[in-house]
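The structure under discussion appears below in the form of structure tokens.
The values are calculated or read from the model by the stated rules, or taken from the named source; none is laboratory data. The structure presented is a predicted model; accordingly, all values stated were derived computationally and were not measured. Note: ideal-geometry Cβ built from the backbone for every residue, glycine included; neighbour counts use all protein chains shown. Only protein heavy atoms, including side chains, enter the accessible area calculation; ligands, DNA and RNA are left aside. Shrake-Rupley method; radii C 1.70, N 1.55, O 1.52, S 1.80 Å.
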Amino acid sequence: MMPSGDWQYSVTYNLDDSRPQYSNVAIELIRSKETSEINGPPCGLDLSTYQSSLSAMGFKAEPISYNEIGWAVALNYVRNNVRVQIIPQHLASTENQSARDCVKALSIHKFGG
């Protein structure tokens, strides 16, 4: 699902032949332009759907990183020499929508040989 309005997905390829451990591909939800609009970001990438899909593909969850107020900062999943990192975003409930957890950014990293 593609966002609309002032939001878009950014895909970044970071490829480093001399240091392959730093190479990754990332997708991130970003504002496409500065605006005074108070609407928060869309939730086109549902967190639980991604978690279920990664588990079904054989990825194993690693311990979750939390910030000082107890919110998840990063979710990491590993299979063989591939790590998938999800940066979650909690969207509070509004008048029209219940609270939900979304994917703010997702990156794929290769490690090891």
- prompt: Since residue 18 meets every condition but one in (1) at pLDDT 75 or above; (2) open to solvent by less than 80 Å² (accessible area, probe 1.4 Å); (3) small (Gly, Ala, Ser), which condition does it not meet?
  reply: (2)
query: Within the range 72-86, which residues are open to solvent by 50 Å² or more (accessible area, probe 1.4 Å) and closer than 16 Å to residue 100 by Cα?
result: 73
Residue in the range 100-112 that is of a type outside the set (S, T, N, Q), out of contact with any strand residue (DSSP E or B) (no Cβ under 8 Å at 6 or more places or on another chain) and open to solvent by 50 Å² or more (accessible area, probe 1.4 Å) present: yes
